[in-house]
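Below is one structure; the comments refer to it alone.
The values are calculated or read from the model by the stated rules, or taken from the named source; none is laboratory data. In this text, all values refer to a predicted model and were calculated from it rather than measured experimentally. Reconstructed Cβ throughout: ideal geometry from the backbone, glycine too, with neighbour counts over all protein chains shown. In case anyone asks, the SASA skips ligands and DNA or RNA and just uses the protein heavy atoms, side chains included. Shrake-Rupley method; radii C 1.70, N 1.55, O 1.52, S 1.80 Å.
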Amino acid sequence: MKISRIIAAGAIASSIALAQDGATPNAQGGINSKPGIGAHADFNYSYLIGLPQDWYLGDDAEAPSGIGFDIGLRGRIPMASILQFTPEINFHYAQLSMDEEGCDHKFKQMDLEIPLMMRAIVKDRFYVAAGVQLSLNLSSEVSLEQNDISLGGGLGKTDFKYKEEVDQAAFGFGIAFGVGGFVMERLSIDAGLVLGLTDVYPDIDPLKNDLIDSMDGGKQMTFKVGAGYWFL
């Protein structure tokens with residue numbers, strides 16, 4: 001959690017500093033006050049919260065966390081002089097992991113995300129945003145991996161991979177918040193937080209898994225830092 005706070009704080013500070021250094025204001029009648037479409041890319045850090053204490057082998061194991069990225073398109077629809085509706089459609093990839101006694105447990109995710117955000121312009125060049133996010137799972141895999149296992153007897157080493165029978169929820173819902181600023185008239189830097197409200201890995205059957213007993217209540221929190229460019 002300390003890492004995620006540092007990332008978020010650094011992103012906010014960077015966006016403010018860059019925006020103060022020669023950014024073009026989002027003045028009334030400027031390009032950023034008109035309907036538009038753009039693209040963006042984000043680095044993200046995700047963390048599972050709310051897991052049962054004994055979710056892994058009945059023990060108090062750490063929660064999976066890891067990094068990933070988003071790429072996608074966003075629109076801009078002015079609603080009032082300082083208020084804009086900014087829907088997005090994104091491809092999201094993340095790989096969360098948890099290390100236990102030398103074994104690496106990986107939770108790979110690929111989703112289609114649809115954030116529906118309302119953005120308020122602050123002092124022409126800065127903005128804050130809030131809204132909801134819908135997500136559709138495209139692919140997921142949960143596996144146990146261990147590399148360089150010694151075979152003994154001078155036979156060398158091998159790698160081991162075991163796939164758990166754990167499926168990610170087909171649909172997800174959460175709330176999202178963001179801040180940002182314009183570095184130039186078309187270029188912006190953003191930082192955001194998404195709080196998942198639905199379980200990421202529901203309905204796990206412990207009889208089909210040797211290691212994971214239950215992930216009921218586990219929701220995903222994601223910090224994002226990125227940049228966007230408006231074509232129109």
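Output yes when any residue across region 32-54 is part of a helix (DSSP H, G or I), modelled with pLDDT of 60 or more and farther than 30 Å from D213 by Cα, and no when none is. Looking through region 32-54, at least one residue is part of a helix (DSSP H, G or I), modelled with pLDDT of 60 or more and farther than 30 Å from D213 by Cα. Look at N26 and say whether it is within 18 Å of V183 (Cα to Cα), modelled with pLDDT of 50 or more, open to solvent by less than 30 Å² (accessible area, probe 1.4 Å) and touching a strand residue (DSSP E or B) at 6+ places or on another chain (Cβ under 8 Å). Judged against the criteria, N26 is a match. Residues considered: G192, G180. Of these, the only one that is at pLDDT 95 or above and either exposed (fewer than 14 other Cβ atoms within 10 Å of the Cβ) or farther than 30 Å from A61 by Cβ (or both) is G180.
Among the conditions (1) hydrophobic (A, V, I, L, M, F, W, C); (2) in a loop (DSSP other than H, G, I, E, B); (3) touching a Cys at 6+ places or on another chain (Cβ under 7 Å), A80 misses just one, which is (3).
For region 168-188, residues that are within 16 Å of the chain's Cα centre (by Cα) and assigned to a strand (DSSP E or B) total 9. Condition first: surrounded by fewer than 18 Cβ atoms within 10 Å (Cβ to Cβ), touching a strand residue (DSSP E or B) at 6+ places or on another chain (Cβ under 7 Å) and not β-branched (V, I, T). Can you find one or more residues in region 199-206 that meet it? No: region 199-206 contains no residue that is surrounded by fewer than 18 Cβ atoms within 10 Å (Cβ to Cβ), touching a strand residue (DSSP E or B) at 6+ places or on another chain (Cβ under 7 Å) and not β-branched (V, I, T).
For the subset of region 97-113 comprising residues that are open to solvent by less than 30 Å² (accessible area, probe 1.4 Å) and modelled with pLDDT of 95 or more, which member is farthest from G38 (Cα to Cα)? Taking the candidates together, the pick is Q109.
Scanning region 63-118 for residues that are of a type in the set (D, E, K, R) and out of contact with any strand residue (DSSP E or B) (no Cβ under 6 Å at 6 or more places or on another chain) yields D99, E100, E101.
Please determine, by comparing only the residues of region 86-96 that are touching a Leu at 6+ places or on another chain (Cβ under 8 Å) and closer than 17 Å to A39 by Cα, which one is most open to solvent (accessible area, probe 1.4 Å). Taking the candidates together, the pick is I89.
Pairing each residue of region 190-204 that is on the phi > 0 side of the Ramachandran plot with any residue that is in a loop (DSSP other than H, G, I, E, B), provided the two are 6+ apart or on different chains, yields C-beta distances under 9 Å for D203/D167; D203/A169; D203/D216. Scanning for something assigned to a strand (DSSP E or B) and over 17 Å from A227 (Cα atoms), does region 68-76 turn up at least one residue? No; the residues of region 68-76 include none that is assigned to a strand (DSSP E or B) and over 17 Å from A227 (Cα atoms). Considering only residues that are open to solvent by 60 Å² or more (accessible area, probe 1.4 Å) and under 22 Å from the mean Cα position of the chain (by Cα), look in region 31-79 and name the one that is farthest from D190 (Cα to Cα). Per the stated criteria, the residue is E62. Annotation: of all residues in region 115-125 being open to solvent by 50 Å² or more (accessible area, probe 1.4 Å) and either at pLDDT 90 or above or in a strand (DSSP E or B) (or both), the one that is nearest to I89 (Cα to Cα) is L116. Among the residues in region 144-155, are any open to solvent by 50 Å² or more (accessible area, probe 1.4 Å), modelled with pLDDT of 85 or more and either touching a Gly at 6+ places or on another chain (Cβ under 8 Å) or in a loop (DSSP other than H, G, I, E, B) (or both)? No, region 144-155 has no match at all. Residue under question is Y162, and the condition is that it be of a type in the set (S, T, Y), open to solvent by 50 Å² or more (accessible area, probe 1.4 Å) and at pLDDT below 90; does it hold? Against the criterion (of a type in the set (S, T, Y), open to solvent by 50 Å² or more (accessible area, probe 1.4 Å) and at pLDDT below 90), Y162 qualifies.
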